[in-house]
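The values are calculated or read from the model by the stated rules, or taken from the named source; none is laboratory data. From a predicted model like this one, the values you see are computed outputs, not experimental measurements. Positions of Cβ are generated from backbone atoms using ideal geometry, with glycine treated the same way; all protein chains shown enter the neighbour counts. Note: accessible area is taken over every heavy atom of the protein model, side chains too, but ligands, DNA and RNA are not part of it. Shrake-Rupley method; radii C 1.70, N 1.55, O 1.52, S 1.80 Å.
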Amino acid sequence: KDPGMMDFVPGTTFTDPQVASVGLTEEAAKEKYGAHKVCVAFKELKETDRAICDNIDEGYIKVVYLKGNYKILGASISSPVAGELIAEISVAMKSKMSFDMLATVIHTYPSHSFALQAMAAELYYEKLVKLKPILNFLKKIGL
């Protein structure tokens, strides 16, 4: 038996909208790792392109991750397709894919899952901006 397997098992309540979660809540993550090491990405569904197309005005996507390495600790989603969206987070957690690297996985547009890629892209971009001075230095010395 894999003792860590249950960490990646998502749960979904099939209400309208669906509510799904996997891994640690924000509170549990802060208790386990310390508040200064835990970050949260949050997006209201009404801000996503698919929700705008479908006139959805309630729901959210919340991903809890570690500062620095972007390890996904958990997520909760309220959406008409939360059960499908949480599966992607579960797969990313099981495969040890960091949250920012979800930006490199191409999603169809305008799908509900594209919102996850867009959220991850914000972190990916921040990481690239932080590395720019190093890149400039390497260029200066000819590497």
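Annotations for the structure displayed:
- Anisotropy class of segment 22-85 from Cα gyration tensor, a/c 1.5 cut: prolate
- When the Cα gyration tensor is reduced to axis lengths a ≥ b ≥ c, the ratio a/c is 1.5 or higher for segment 90-136, and with a/b not above b/c it is classed as oblate.
- Cα centroids of segment 30-77 and segment 79-102: 11 Å apart.
- Taking Cα atoms only, the orientation of helix 114-140 departs from the longest principal axis of the chain by about 10 degrees.
- Within the shell of other residues whose beta carbon sits under 13 angstrom from the beta carbon of Met97, the net charge comes to +1, with Lys and Arg scored +1 and Asp and Glu -1.
- Per-residue accessible area (protein heavy atoms, 1.4 Å probe) orders Met97, Met119 as Met97, Met119, starting from the largest.
- Using the Cβ-Cβ distance between Ala35 and Glu84 with R0 set to 35 Å, the FRET efficiency works out to roughly 0.65.
- Excluding same-chain neighbours fewer than eight residues apart, the aspartates and glutamates reachable from Lys96 by a Cα-Cα span under 13 Å are Asp7, Glu88.
- Candidate lysines for bridging to Lys139, where Cα separation is under 25 Å - those fewer than 8 sequence places away on the same chain excluded: Lys127, Lys130
- Acute angle (nearest 10 degrees) that the helix 82-94 long axis makes with the longest principal axis of the chain, alpha-carbon atoms: 40
- The trypsin sites (Lys or Arg not before Pro) found in segment 52-118 that occupy coil by DSSP, while having at most 12 further C-beta atoms within 10 Å, are Lys67, Lys96.
- Prolate/oblate/rounded label for the chain (Cα gyration tensor, a/c 1.5): oblate
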